[in-house]
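Presented below is the structure to which this report refers.
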Amino acid sequence: CSSDLTCGLALLPAALLESCKKDDSSYAGPSNVNFSVDLSDPSYAALNNTGGYIILNSIIIIRINASTFEAFSSVCTHEGCAVKYDSSSTTIICPCHNGKFNASTGSVISGPPPRPLSKYNTSLSGTILTVKS
């Protein structure tokens with residue numbers, strides 16, 4: 001390089017490209033999760049049907065079948081967008097870049113997410129669904 005300015009400008013495009021990459025892979029999901037949902041409350045009616053889901057406290061809760069619920073961080077590990085559940089394909093989808101996650105394990109199926117969604121434990125007692133770390 002003939003001058004410090006020339007050398008600095010030569011590195012600028014690479015620096016700009018790096019700054020455009022946003023990877024929220026450091027996000028591990030909510031910590032210390034411990035809450036309950038009363039399925040008889042109309043606010044949570046979506047969970048009364050297989051394939052229904054809600055997002056509460058940054059957690060996506062999905063009713064997989066009559067007795068199985070799954071809970072994951074609702075924040076995509078790629079760029080931090082809120083995920084949704086697609087009952088027709090039984091996958092969790094990030095609408096920002098079409099990342100797909102397995103709805104039973106939270107593992108990445110396809111797309112840009114660098115790692116799985118954090119998974120939480122669920123238990124059902126009567127109409128009370130509990131979600132815990």
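The values are calculated or read from the model by the stated rules, or taken from the named source; none is laboratory data. Computed from a predicted model, the values in this text were never measured in an experiment. All Cβ positions, glycine included, derive from the backbone under ideal geometry; neighbour counts span all protein chains shown. Keep in mind that these areas ignore ligands, DNA and RNA; they rest on the heavy atoms of the full protein, side chains included. Shrake-Rupley method; radii C 1.70, N 1.55, O 1.52, S 1.80 Å.
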Original post:
Taking a 1.4 Å probe, which of 124, 47 shows the most accessible area, and what order do the others take after it?
Top reply: 124, 47
Original post:
Heavy-atom accessible area of residue 115 with all protein chains present, probe 1.4 Å, nearest 10 Å²?
Top reply: 60 Å²
Original post:
Once the Cα gyration tensor of region 24-111 is found, what semi-axes does its equivalent ellipsoid get, as square roots of 5 times the eigenvalues, in whole Å, sorted largest first?
Top reply: 21, 16, 10
Subject >> Chain lengthening between residue 46 and residue 128 when straightened (0.36 nm per residue, less Cα-Cα) >> reply: 28.1 nm
Original post:
Taking K and R as +1 and D and E as -1, what net charge do the other residues with C-beta under 15 Å from the C-beta of residue 50 add up to?
Top reply: -1
Original post:
Under 16 Å from a point 7 Å along the Cα-to-Cβ line of residue 31: which residues of region 73-114 have their amide N that close?
Top reply: none
